[in-house]
Amino acid sequence: MTAQVESELETETEELTVREAIRQAMREELERDEDVFLIGEDIGVFGGVLEVTGDLYEDFGPERIKDTPISEAGFMGAATGAAATGTRPVVELMFSDFTGVAMEQIMNQMAKMRYMFGGKAEMPVTVRTTEGGGMGAASQHSGTVHSWIAHFPGLKAVAPGTAASAKGLTKAAIRSNDPVFVFENKMIYEQRGAVPTDEDFTIPIGEAAVEREGEDVTVVATQRLVGESLETAENMADDTSVEVIDPRSLYPLDIDTIVESVKKTGRLIVADESPLSYGTHAEIVARVQEEAFFSLDAPIQRVGTPDTHIPFSPPLEQEVLPSGDDVREAIQRVT
Amino acid sequence: MADFDLESQDGRLEALRRMVTIRAFDEEAGDRFADGEIPGFVHLYIGEEAVGVGTCAALKPDDYIASTHRGHGHCIAKGLDPKYMMAELYGKADGYCNGKGGSMHIADVDAGMLGANGIVGAGPPMATGAALSIDYQDRDQIAVGFLGDGAVAQGQVHEAINIAATWDLPAVFVIENNHYGEGTPVENQHNLDNLSDTAQAYDIPGLTIDGMDITAVAEAVSEARDRARAGDGPTIVEAETYRYRGHYEGDEEPYRDDAEIERWQERDPIESFRDRLIDRGELTVEEFDELQADIEADIDAAVEYAQDAPAPDAHEAYEDMFAEMPPEIERFASAARTDGGRPGGDR
Ligand SMILES: Cc1ncc(C[n+]2csc(CCOP(=O)(O)OP(=O)(O)O)c2C)c(N)n1
Ligand SMILES: [Mg+2]
């Protein structure tokens, strides 16, 4: 285990779900910094459609937990303008599938202001949004779009796979002076894990975590696939020693941790729920071959959604969604 | 209250000075663009000076404005220095944005100027956001969002005004109705005669005023400002105005004739205000000519400054993407810092 993971484990922890961890992160940051406020649709009394903001409204009231009209472009733009003028908005974009509705504000304002103005604008805005299939929410509420954001210059993208990283990344995002998107996979909100209780626990954006050490093959997995890959690794432990890395940040990407692992194992699986073509998988593969080409003993394998939308019918949904079984099969193909 | 206003003689002279400065700046910018010295797109504000200056006459220095693609006039009205503005148009290191914004993104956030904007309709959400910060932190400021008549058709404009109205934010939306969006006349873009009638949809005040008359603009915006500052929410002010030049420099203007332009020029905002000040005995013709000559000399000096200013260093292209440079970009930046160019090889 890396030094960093060890030190995380040594700190005092409590068991939380991913949902509770994110809410706790927001609660602590709201308490710590008066300039922080939450803004989004039905995040107040209603508590958020996926119940992430929950009871924060009871403690912080309508001034700090702001329910907006159903105006993704309007409130994304307002959050951008607010961030440039002295406050620290935390936006909830109900489903990541609605990113397109607000994309102009994201790509032409939020992402570009600091640069276009020669560094003379701060952009401390956080955008939390939910991704992923698995609950029968059908094509317009199940997508995984983080590759778009990670691809777009001027935006940071993080995607927690555990309760601890959900808390640490959310807090780091809120404290950052850059626009940070936090991609929450909706299928792991109930996943439990040990979360440091220290109110200053954050996970630096751009640091991967080695979640399990192994010798034979490296699995770089994100979001829901972190837990499923760990389970797969455990199940295969008698035959194959699997190292599992959660990059946690998609941009910037901690390529060093991944490359170090591939140099040791010589084999790489990249598992991410986004569509397979032109995306997150491709980026990791490209960078690994740049830096560890001669350490590779087998072709790199990708596990993801096979360029379809997420269908409604549960058996069809399971057909296209990547899983721990797909990770196992990929490992078996190269070991 | 404002750093200049139309209540005092000094303020009126300052307003006149700013209007003349805008015109001189933009005429020069047009010429330098024609000479090929200024790259990209330039959208000139000539003819519309009373709107920007009249609006800013109602503002305090720390109030915010969010501008449009036609932003030079807003900058000067807000007090930005033509020297660094011209350097920005020239893409020089000394420009307001280190040369990385240019005409369409010129900004000075510290001066409350939240940027010209290359996206039609993007100013109002920015103003709503600034008003949200002001409201959230209980600050004694307001935010003005400028937009064109064409921008009124944008969805994000509606969303931004609706949020500001619903939350009683201290914002003012100033529609600069110059009667065209590029080459399309306003009546072919909207079903309303008065664009300020959109205010009814938000149950906020909306008024249409003569945008060629700086006094009318300043009065309307002052009232809107007082309402905003009192916590009563935004106002829509539609200023009827006209651009004398093409949509951008190089526009051949097949959509209108000279007679139409001349009709508007008869009510020129600078000449009419100048004449009023002369009638009131606040200014003589000689003083005006002197003022104009001084300003033209300043603008010539600004051009010379911009021409001589250094270009940005190559590594500047890699700066300011984030608060701190990520490793993905650092590799290019460090190569540019050492040998002034891109690194060889792959990434
Ligand atoms: C979203 C978007 N669509 C189209 C354009 C191209 N465009 C630039 S200016 C302009 C006309 C804008 O008209 P108006 O809002 O009336 O402003 P004016 O140019 O008259 O000041 C258009 C269509 C753009 N920059 N952004
Ligand atoms: Mg127009």
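The values are calculated or read from the model by the stated rules, or taken from the named source; none is laboratory data. For clarity, every value in this text was computed on a predicted model and none was experimentally measured. Glycine also receives a Cβ, built like all others from the backbone with ideal geometry; neighbour counts cover every protein chain displayed. Ligands, DNA and RNA are excluded from the accessible area calculation, which covers all protein heavy atoms including side chains. Shrake-Rupley method; radii C 1.70, N 1.55, O 1.52, S 1.80 Å.
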**OP:** List the number of the failed condition for B:Leu59; all other conditions in (1) open to solvent by 10 Å² or more (accessible area, probe 1.4 Å); (2) in contact with an Asp or Glu (Cβ under 9 Å, 6 or more places away or on another chain) hold.
**Re:** (1)
**OP:** Kindly indicate the residue of region B:164-175 that is of a type outside the set (Ser, Thr, Tyr) and away from ligand 1 (no atom under 16 Å from the Cβ) and also farthest from B:Glu260 (Cα to Cα) among those meeting that condition.
**Re:** B:Trp167
**OP:** Identify, from the list B:Gly79, B:Gly101, B:Gly95, B:Gly118, the residue that is assigned by TED's automatic domain parsing to the domain that holds B:Gly233 and within 16 Å of ligand 2 (Cβ to nearest atom).
**Re:** B:Gly118
Subject >> Candidate set from region A:1-35 (those that are at pLDDT below 85, of a type in the set (A, V, I, L, M) and assigned to a helix (DSSP H, G or I)); member that is surrounded by the fewest Cβ atoms within 10 Å (Cβ to Cβ) >> reply: A:Ala3
**OP:** Being out of contact with any Ser or Thr (no Cβ under 9 Å at 6 or more places or on another chain) and either part of a loop (DSSP other than H, G, I, E, B) or within 13 Å of ligand 2 (Cβ to nearest atom) (or both) is the filter here, so list the residues in region B:40-58 that pass it.
**Re:** B:Leu44, B:Tyr45, B:Ile46
Original post:
Does A:Gly227 satisfy being surrounded by fewer than 23 Cβ atoms within 10 Å (Cβ to Cβ) and either within 27 Å of A:Phe95 (Cβ to Cβ) or aliphatic (A, V, I, L, M) (or both)?
Top reply: yes
Original post:
Tell me, which residue of region B:142-159 that is more than 7 Å from ligand 1 (Cβ to nearest atom) and in a helix (DSSP H, G or I) is most open to solvent (accessible area, probe 1.4 Å)?
Top reply: B:His158
**OP:** Check B:His190 against each of (1) within 13 Å of ligand 2 (Cβ to nearest atom); (2) in a loop (DSSP other than H, G, I, E, B); (3) within 14 Å of chain A (Cβ to nearest Cβ) and name the one condition it does not meet.
**Re:** (3)
**OP:** Considering each of B:Asn178, B:Asn188, B:Asn194 in turn, give the residue that is within 13 Å of ligand 1 (Cβ to nearest atom) and surrounded by fewer than 24 Cβ atoms within 10 Å (Cβ to Cβ).
**Re:** B:Asn188
Original post:
For residues in region A:267-286 being assigned to a loop (DSSP other than H, G, I, E, B) and touching a strand residue (DSSP E or B) at 6+ places or on another chain (Cβ under 8 Å), which is surrounded by the most Cβ atoms within 10 Å (Cβ to Cβ)?
Top reply: A:Arg267
**OP:** Could you tell me whether any residue of region A:96-105 is over 30 Å from B:Asp110 (Cβ atoms), surrounded by 24 or more Cβ atoms within 10 Å (Cβ to Cβ) and of a type in the set (D, E, K, R)?
**Re:** no
Original post:
Of the numbered conditions (1) at pLDDT 95 or above; (2) over 30 Å from B:Leu59 (Cα atoms); (3) within 14 Å of another protein chain (Cβ to nearest Cβ), B:Asp258 satisfies every one except a single condition; which is it?
Top reply: (3)
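Here is a yes/no grid of residues against (1) modelled with pLDDT under 95; (2) exposed (fewer than 15 other Cβ atoms within 10 Å of the Cβ); (3) β-branched (Val, Ile, Thr):
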| residue | (1), (2), (3) |
| --- | --- |
| B:Leu6 | no, no, no |
| B:Leu13 | no, no, no |
| B:Arg17 | no, no, no |
| B:Val20 | no, no, yes |
| B:Arg32 | no, no, no |
| B:Gly40 | yes, yes, no |
| B:Leu44 | no, no, no |
**OP:** Inspect all residues belonging to region A:91-107 and state whether any of them is touching a residue at least 24 places away in the same chain (Cβ under 8 Å) and facing chain B (nearest Cβ under 8 Å).
**Re:** yes
**OP:** Please work out which one of (1) farther than 30 Å from B:Asp63 by Cα; (2) open to solvent by 30 Å² or more (accessible area, probe 1.4 Å); (3) over 21 Å from the mean Cα position of the chain (by Cα) is the condition B:Glu249 fails and give its number.
**Re:** (3)
**OP:** For residues that are closer than 13 Å to A:Val217 by Cβ and open to solvent by 40 Å² or more (accessible area, probe 1.4 Å), scanning just region A:287-299, find the one that is nearest to the other protein chains (Cβ to nearest Cβ).
**Re:** A:Leu296
Original post:
Quick one: would you say A:Ser176 is in contact with a strand residue (DSSP E or B) (Cβ under 8 Å, 6 or more places away or on another chain), surrounded by 21 or more Cβ atoms within 10 Å (Cβ to Cβ), small (Gly, Ala, Ser) and within 14 Å of another protein chain (Cβ to nearest Cβ)?
Top reply: yes
Subject >> Sole residue being in a helix (DSSP H, G or I), of a type in the set (Gly, Ala, Ser), surrounded by 14 or more Cβ atoms within 10 Å (Cβ to Cβ) and within 14 Å of another protein chain (Cβ to nearest Cβ), chosen from B:Ala302, B:Ala333, B:Ala306 >> reply: B:Ala333
